[in-house]
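Remarks on the structure that follows.
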């Protein structure tokens, strides 16, 4: 694809790959979480390289901002800062089997991506057309509030359900806990 | 050295690499928090696939899908971490090996 800087792409891709491996393999959950933050920033860089500026911004705001703060808060609340040695407890054969499955799937996927795919008619939003219409953010916003307005509104319902569900799950034991506290007194 | 232009399949293979790193973490780790982080990695990899196809096919529907996936991922991690907190309150652990109430 033209217009993509190979240097930027390979830089961000290497960073994302290295830090994602660290996320999965680090023993301490806190260092896993901070590796994941670096992965999110590298992905935002790749999105910007591909010209998806709104997605890159949302990636930093929502993933690196909101979701990771949630993770860090939960790690802090649970005080599991003792390094969890869980990787060593997984049976060796299971780790080997997982690695084999992952490598096999990678070969299949790469082969599909290299050879597969029929010709598809390209849409109207070429990078030049998007730039002429006022930039990625503007064009995407106009699409979001016209063609995609129904999914957008449904998203707000989903978020409301998520808020109610999260509060209901996390607060479920308060009344019972209060009773226990009074009865034990 | 002149670098080649980045082909779409290179980006897509990179996506599959990140996705499979996340899958590996999902399979071998025992800490619920790390499992949730692996799921976030897999979601990110799929998002990048959408953006790549959006660029390749000059269609912004892919980027719109990424917007909705990010929203769903935020809701998912909020509910998932709420479940982790409820689990920790009940069992005092975040280890999937220790969750065996049904078996006992």
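Read the figures in this text as sums done on the coordinates, not as results from a lab. What you see is a predicted model; the values in this text were computed from it and never measured. Here the Cβ positions follow ideal geometry from the backbone for every residue, glycine too, while neighbour counts run over all protein chains shown.
When peptides B:86-95, A:92-101 are ranked by their average number of other Cβ atoms within 10 Å per residue, the highest-first order is B:86-95, A:92-101. Need one word for region A:1-83: rounded, prolate or oblate. Basis is the Cα gyration tensor (sqrt eigenvalues a ≥ b ≥ c); a/c below 1.5 gives rounded, then a/b vs b/c decides. Cα axes put region A:1-83 in the oblate bin. With the convex hull drawn around the C-alpha atoms of region B:8-98, the volume per residue stands at 59 Å³. Quick one: angle between helix A:29-49 and the longest Cα principal axis of chain A, in degrees between 0 and 90, rounded to 10, please. Taking the Cα atoms of chain A, the angle to A:29-49 is about 20 degrees. Hydrodynamic estimate: the Kirkwood radius of region B:53-104 over Cα pairs, inserted into Stokes-Einstein at 20 °C and 1.002 mPa s, corresponds to D of 155 µm²/s. Taking the longest Cα principal axis of chain A as reference, the axis of helix A:92-115 is set at about 20 degrees.
Taking a ≥ b ≥ c as the square roots of the eigenvalues of the alpha-carbon gyration tensor, chain A is classed oblate because a/c is 1.5 or more while a/b is no larger than b/c. For every helix of n ≥ 4 consecutive DSSP H residues, a contribution of -39,500 (n - 2.57) applies; sum these over chain A, divide by its total residues, and give [θ] at 222 nm rounded to the nearest 500 deg cm²/dmol. Result for chain A, helices only: -23000 deg cm²/dmol.
Measure nothing but the geometry: give the 0 to 90° angle between the long axis through the Cα atoms of B:8-28 and the longest principal axis through the Cα atoms of chain B, rounded to 10°. The two axes meet at around 10 degrees. If R0 is 41 Å, the Cβ-Cβ spacing of residue A:163 and residue A:18 corresponds to a FRET efficiency of close to 0.70.
Across chain A, C-alpha contacts under 8 Å between residues 6 or more apart give a mean separation that, scaled by the residue count, equals a relative contact order of 17 percent.
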